[in-house]
Amino acid sequence: CPGFVTAAMASGSVITPPHLQDLPLQAKDYHKPVQRRMPVSPTPQTAGATLLIVDHDRSARDGLRSVFESAGHRTIGVPDAPSALRLLHKQMCDLVLLDVELPEVDGLRLFRLLRAQPAMTQMPLVVFSADASEGRKIEAFTAGADDYIVKPSTPGELVSRVNSHLNFAQRESELIGS
């Protein structure tokens, strides 16, 4: 795997996604020690999900594609926001993972555009960026991001967090549909 997915997440701050802010959780709930390493695999609800990866760096897209396809997901990679919009008008995806630093159109502008479309309001939008600043994270959540993962990150963390969002979206869809 490329170097950007081999180091552990360095940030010590906990950012709570907007849909989890009202839950009665404390910081200790977020960081439970793991005693053994277990392979991360998709759950039945997330297996075969289609992920749109938006990153201008081809090697980053290829590395993410490798991580998620080895976990059982389908991936589509594009280099910029206009390509992502064109693709999403043709094909629905289950989750969008993007770097906010994109050429032409900033990734957060893309998030705002997607959140403004009724068909996209429930789709998980996840930032994967080297920018670990608190201000950028707040901007991302304000723009509609469901999560903000700082590069570099381990494959296990990436797959676990994406699967968590896919499971949440599936449960929400089932509740809305019933």
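The values are calculated or read from the model by the stated rules, or taken from the named source; none is laboratory data. Please read these numbers as outputs of a predicted model, since none were measured by experiment. Positions of Cβ are generated from backbone atoms using ideal geometry, with glycine treated the same way; all protein chains shown enter the neighbour counts. Please note that ligands, DNA and RNA were not included when accessible areas were found on the heavy atoms of the full protein model with its side chains. Shrake-Rupley method; radii C 1.70, N 1.55, O 1.52, S 1.80 Å.
Residue-wise test of (1) among the hydrophobic types (A, V, I, L, M, F, W, C); (2) within 26 Å of residue 142 (Cα to Cα); (3) at pLDDT below 60.
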| position | (1), (2), (3) |
| --- | --- |
| 25 | yes, yes, yes |
| 36 | no, no, yes |
| 47 | yes, no, no |
| 51 | yes, yes, no |
| 85 | yes, yes, no |
| 95 | yes, yes, no |
| 104 | no, yes, no |
| 110 | yes, yes, no |
**Fill in**
In region 137-146, residues that are charged (D, E, K, R) and crowded, with 20+ Cβ neighbours inside 10 Å total 2
**Prompt:** So residue 103 clears everything in (1) open to solvent by less than 30 Å² (accessible area, probe 1.4 Å); (2) in contact (Cβ under 8 Å) with a residue 40 or more places away in the chain; (3) not in a helix (DSSP H, G or I) except one condition, right? Which one?
**Reply:** (1)
**Asked** Scanning region 150-177 for residues that are acidic (Asp, Glu) and either more than 22 Å from residue 131 (Cβ to Cβ) or not in a helix (DSSP H, G or I) (or both), which turns out least open to solvent (accessible area, probe 1.4 Å)?
**Response** 172
